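**Q** Next up is a structure, given as structure tokens.
The values are calculated or read from the model by the stated rules, or taken from the named source; none is laboratory data. Here the structure is a predicted model, which means the values were calculated and not measured. Here the Cβ positions follow ideal geometry from the backbone for every residue, glycine too, while neighbour counts run over all protein chains shown. Each accessible area value is taken on the protein alone, full model and side chains, heavy atoms only, with ligands, DNA and RNA left out. Shrake-Rupley method; radii C 1.70, N 1.55, O 1.52, S 1.80 Å.
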Amino acid sequence: MRTSVRLLRIVAVLVTVLSVVLVTRLKLSTDLTELFPKTVEAETLARVTHVFGGGDVAPVLVRGDDPGEVERAAHEAATALRACGSIAQVVEEMPAPAAKPGEPPDPTAAWRFAGPSARDELARAVTPEGMRRRLRDTRALLLAPGAGEVADTLARDPLRLTMIPWEGRVEIAAGARANGGGAFVAKEGRARLLIVEPRGRAFDSGAAARFTSEAEGAIDGVRRAHPNVVLSLTGGHVIAKQTEAMMKGDLQKSGVLSGVLASIVFVLTFRRPRALVAVLPPLAAGTLWTTALATLFYPRLSAIATAFAAVVVGVGVDTGVHVYGRLLEARRAGHSPGEAAEIARRETWKPTLGAAIAAGGAFGCLVLSDVAGMRQLGVLCAFGEVLTAVAILLVVPEVGAWLERGPPPRELRLPLVAALTGTRPRALFALALAAFAIALALAFGAPTIDHGVVALDARVLPAAGVYDEIYATFGGTRGQLLVVSADPDEARARARSDAVAEVAEKLAADGAIEGFDALGTIAPSIAAQRARLDVRNALNLPEKRALLAKTLADEGFSADAFEPALEAFAHPTEVVNDVSAGDDPALAWVKRRHLGKDERGTLAVTFVRLSKDPAKAEQARAWLRAADPEAVQTGFADLEVSLKDTLSRDLPRVLVAAFAMVVIVLGISLRRVSAIALAVLVLVVEIAIVLLLSRVLGVRWHVYDALVLPVLLGITLDEALFLLEATKRKASVDDALAEQAPLAVTTALTTAAGFGALIVCRFGGLVDVGKVGALGSAAGLVCALLVIPAGFRVWTARKQSPRRE
């Protein structure tokens, strides 16, 4: 065995050196779609996120008290941003394409860009009353100062039909709205919005960091020049950079805090600070090996999977507690340091590896989850548990023997633990409490899953707060609905999306939705343009030529001066084209925002901001669904439903798999039906207590922390398994408790420390996982120290000869 240990140590050294090199290549993923479940809605949202990730806009909100200074600051910021290499373009105004790029406007082409409301207004504009009303406004324009600039345009379009499609409030992105194709202005000029298009994908860490750095640098110059104006940058790239920084901070803080807390518990138990010299290096090595595996297994590590380091440290130290505890016990029995090391390894390797495999197996069951991030967490924690156990078994006995050459410390006793079940009545009462906890848990059921996706708000990501300010200033709401028309054929996808936009415009006019933005608003498809021209043709404009000439004369205009307009009425254009294919960079950006392609085809996306009224929102969904029955309605708000459905599928199968893994380990280790039954009872009561405490303490539950429940079966098995193993070697359950109670308290507290360290994380999902894990560790300790002794006293009273009062 000594030769095998030496060979393993050599291998461990080589692996450690290799791991040091590998961990420098670890990359953290800012792709939150890895936390999405496998549902049609969630997969469609992930697909949209990946296809359009590189085209995510970066709004800049400009605010101040002086409208003039706000306007100057906005223009200067736009100029500075355009000079940045990481920025493709800056949009200051709503793009409003001409009917035929490069040529004068044709009033009869206005229908090509007219949605339902605009078509109604166009129909009214060509009635006798409508013509008179609009011509009177045209006269006012011609009499105004500077009218010469628009005289030629008005000669071709005296009714200003080409302006009608743009006379309403048009929205293009992130709640950004403008009137009549102008700048994005609100609050009487005290707020303006710039729409910036970054280069590169938001999920590309380098591109996100480069854009954020350059854009903030450009804006900082404007901030210094205009101290009374506030400029705030947001967007997918900025949020991705802040998310990555949050994840790195969470990984570092929770890992360090977990190690510190576990070390404190370890020192308090053994009253041997120097014992950390034996335990911490192999613990760090096991964590290092696991991190190296993360680099090999995953190109990028998910946000939720960053919890592995804290959990591995907290749970992995359990092995060190048992190995070092057995070494000290051997020294107290009079064995030499070398003999104590051999005894410690020989008598602890089976139960410690068994407990590590059980914990790792429970974690490994998370691979059955539909959430990719949870699968990563399960795999890394599974390997981490086993690797840290191996590292500790290889190092701790010999280092501990060298450290413990002097007299060993006195044994730590916890007599109160044995007294809690010291008599048969007390033991029966403890078992009754366990049964009562199970009954209460069954009666009340699991805590309500009140949210599916952990929100990343302004407290966590400042850029998210800027979006709230944009919505409050320019209108709109967070949590927009995405109506995704996916089709292998681009023309069909666009036509279906335009049908959705038609319905969305009607809903917006009726107040059924807050707003929407779609490609069809700016650049409708060929099919939509032809359909709209058919509506125009039904009005029979050639017959209205004479009416227009008469109305011009009646209003005091010379009909000859407007011959181009009269000619257009006589011969309405039938020309249609793809306006978005032109050279206008703003239009090209709008197209990239709404139209994307991947290997499966074309995605045409309409963004809808639903009403806060649930009834109106549900009605709007139904109308939008009718517009395109094949489209998928999705969005981050919809993920809550998807994650709840995922939890209902994941939790039972992961729980059953983890339970089966635990029973197998218990059977191999204990080989006694009564002992296995007691261990299973401990775990069942533990889960019941966790469910009850979660309700009492108001712990938030979602898919991530709910899936920690099955993992607790393997993690907290440690205390029960070692206590049951001790009953084989000791004369009575009291002797087993005297030996194992201090160690059980230590291992449970170090495990709780590993989970509890997650509460310092900024990502709410990790905080909630930490709370549930810490509760479970504490509950498992209490159950093991009460249920197992009580069971032995009640069911095996003759064999164990319990004390009597």
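**Q** Please go through the range 513-529 and pick out each residue that is assigned to a strand (DSSP E or B) and of a type outside the set (Val, Ile, Thr).
**A** Matches in the range 513-529: Glu514, Gly515, Phe516, Asp517.
**Q** List, please: which pairs have Cβ atoms under 7 Å, are six or more places apart or on different chains, and start with a residue in the range 226-244 that is surrounded by 19 or more Cβ atoms within 10 Å (Cβ to Cβ) and end with one that is outside any helix (DSSP H, G or I) and of a type in the set (Phe, Trp, Tyr)?
**A** Within 7 Å, the pairs are Ala240/Phe203.
**Q** Just the residues that are open to solvent by 50 Å² or more (accessible area, probe 1.4 Å), closer than 19 Å to Arg132 by Cβ and in a helix (DSSP H, G or I), please, taken from the range 548-572.
**A** Taking the range 548-572 and keeping what is open to solvent by 50 Å² or more (accessible area, probe 1.4 Å), we get 550, 553-554, 556, 558, 560-561, 563-564, 567, 571.
Next, from what is left, pick out any that are closer than 19 Å to Arg132 by Cβ: 550, 553-554, 556, 558, 561.
Those that are open to solvent by 50 Å² or more (accessible area, probe 1.4 Å), closer than 19 Å to Arg132 by Cβ and in a helix (DSSP H, G or I): Lys550, Ala553, Asp554, Ala561.
**Q** Follow-up. Please indicate, with yes or no, whether at least one residue in the range 496-510 is crowded, with 16+ Cβ neighbours inside 10 Å and in contact with a His (Cβ under 8 Å, 6 or more places away or on another chain).
**A** yes
**Q** Only one of (1) of a type outside the set (Val, Ile, Thr); (2) over 30 Å from Arg649 (Cβ atoms); (3) part of a helix (DSSP H, G or I) is not met by Arg47, so which one is it?
**A** Of (1) of a type outside the set (Val, Ile, Thr); (2) over 30 Å from Arg649 (Cβ atoms); (3) part of a helix (DSSP H, G or I), only one is false for Arg47: (2).
**Q** Scan the range 588-607 and give yes if some residue there is assigned to a helix (DSSP H, G or I) and β-branched (Val, Ile, Thr), otherwise no.
**A** yes
**Q** Given Val454, Val500, Val484, which one is touching an Asp or Glu at 6+ places or on another chain (Cβ under 8 Å) and modelled with pLDDT of 90 or more?
**A** Val500
**Q** Quick check: anything in the range 208-216 without any contact (Cβ under 8 Å) to a residue 60 or more places away in the chain, more than 24 Å from the chain's Cα centre (by Cα) and within 30 Å of Val590 (Cα to Cα)?
**A** The answer is yes; a qualifying residue exists.
**Q** How many of the residues making up the range 270-288 are buried (at least 20 other Cβ atoms within 10 Å of the Cβ) and touching a Gly at 6+ places or on another chain (Cβ under 8 Å)?
**A** The total comes to 8.
**Q** Is one or more of the residues making up the range 322-330 β-branched (Val, Ile, Thr), within 17 Å of Gly714 (Cβ to Cβ) and surrounded by 19 or more Cβ atoms within 10 Å (Cβ to Cβ)?
**A** Checked against the condition, which is being β-branched (Val, Ile, Thr), within 17 Å of Gly714 (Cβ to Cβ) and surrounded by 19 or more Cβ atoms within 10 Å (Cβ to Cβ), the range 322-330 yields no hits at all.
Condition check ((1) closer than 30 Å to Lys591 by Cα; (2) small (Gly, Ala, Ser)) across all residues:
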position: Ser525; (1), (2): yes, yes
position: Val535; (1), (2): yes, no
position: Lys544; (1), (2): no, no
position: Thr551; (1), (2): no, no
position: Phe557; (1), (2): no, no
position: Asp560; (1), (2): no, no
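**Q** List every residue pair whose Cβ atoms lie under 8 Å apart, where the two residues are 6 or more positions apart in sequence or sit on different chains, the first residue falls within the range 630-646 and is over 14 Å from Ala46 (Cα atoms) and assigned to a helix (DSSP H, G or I), and the second residue, located anywhere, is open to solvent by 60 Å² or more (accessible area, probe 1.4 Å) and at pLDDT 70 or above.
**A** From residues that are over 14 Å from Ala46 (Cα atoms) and assigned to a helix (DSSP H, G or I), the pairs are Val641/Glu41; Thr646/Lys38.
**Q** Here's something else I'd like to know. Going through the range 357-384 one residue at a time, which ones are over 26 Å from the mean Cα position of the chain (by Cα) and open to solvent by less than 10 Å² (accessible area, probe 1.4 Å)?
**A** Answer for the range 357-384, where residues must be over 26 Å from the mean Cα position of the chain (by Cα) and open to solvent by less than 10 Å² (accessible area, probe 1.4 Å): Ala358, Ala359.
**Q** So, in the range 57-92, of the ones that are farther than 13 Å from Pro227 by Cα and β-branched (Val, Ile, Thr), which residue ends up surrounded by the most Cβ atoms within 10 Å (Cβ to Cβ)?
**A** Ranking the candidates gives Val60 first.
**Q** Collect the residues in the range 511-525 that are open to solvent by 20 Å² or more (accessible area, probe 1.4 Å) and either under 22 Å from Leu595 (Cα atoms) or of a type in the set (Lys, Arg) (or both), keeping them in residue-number order.
**A** Across the range 511-525, the qualifying residues are Phe516, Thr521.
**Q** Would you pick out the residues in the range 331-353 that are of a type in the set (Gly, Ala, Ser), open to solvent by 10 Å² or more (accessible area, probe 1.4 Å) and touching a helix residue (DSSP H, G or I) at 6+ places or on another chain (Cβ under 9 Å)?
**A** Selection gives Ala333, Ser336, Gly338.
**Q** Looking at (1) in a loop (DSSP other than H, G, I, E, B); (2) at pLDDT 85 or above; (3) surrounded by 17 or more Cβ atoms within 10 Å (Cβ to Cβ), can you tell me which one Arg405 breaks?
**A** All conditions are met except number (3).
**Q** Since Ile759 meets every condition but one in (1) surrounded by 24 or more Cβ atoms within 10 Å (Cβ to Cβ); (2) under 29 Å from the mean Cα position of the chain (by Cα), which condition does it not meet?
**A** (1)
**Q** If we keep just the residues of the range 725-751 that are within 36 Å of the chain's Cα centre (by Cα) and open to solvent by 20 Å² or more (accessible area, probe 1.4 Å), which is farthest from Ser669 (Cα to Cα)?
**A** Result: Leu749.
**Q** Here is a check on your reading of the model: is Val311 farther than 29 Å from Val654 by Cβ, in a helix (DSSP H, G or I) and at pLDDT below 85? Explain how you work it out, then say what you get.
**A** Numbers: farther than 29 Å from Val654 by Cβ: no; in a helix (DSSP H, G or I): yes; at pLDDT below 85: yes.
Considered against the rule, which asks whether it is farther than 29 Å from Val654 by Cβ, in a helix (DSSP H, G or I) and at pLDDT below 85, Val311 comes out as no.
**Q** Given the criteria modelled with pLDDT of 85 or more and surrounded by 17 or more Cβ atoms within 10 Å (Cβ to Cβ), does Leu301 qualify?
**A** When the stated conditions are applied, Leu301 does not pass them.
**Q** Is there a residue being part of a strand (DSSP E or B), at pLDDT 70 or above and either hydroxyl-bearing (Ser, Thr, Tyr) or open to solvent by less than 40 Å² (accessible area, probe 1.4 Å) (or both) anywhere in the range 172-184? Walk me through it before giving the result.
**A** Going through the range 172-184, the residues part of a strand (DSSP E or B) turn out to be 172-173, 176-179, 183.
Next, from what is left, pick out any that are at pLDDT 70 or above: 183.
Imposing the further condition that a residue be either hydroxyl-bearing (Ser, Thr, Tyr) or open to solvent by less than 40 Å² (accessible area, probe 1.4 Å) (or both) reduces the set to 183.
Among the residues of the range 172-184, at least one is part of a strand (DSSP E or B), at pLDDT 70 or above and either hydroxyl-bearing (Ser, Thr, Tyr) or open to solvent by less than 40 Å² (accessible area, probe 1.4 Å) (or both), which makes the answer yes.
**Q** Residues that are modelled with pLDDT of 75 or more: which helices (runs of 4 or more DSSP H) entirely in the range 690-805 hold 1 or more of them?
**A** Numbers: elements: 703-706, 708-715, 717-729, 733-756, 764-795, 797-800.
Because the criterion is at least 1 residues that are modelled with pLDDT of 75 or more, the helices (runs of 4 or more DSSP H) in the range 690-805 that meet it are 708-715, 717-729, 733-756, 764-795.
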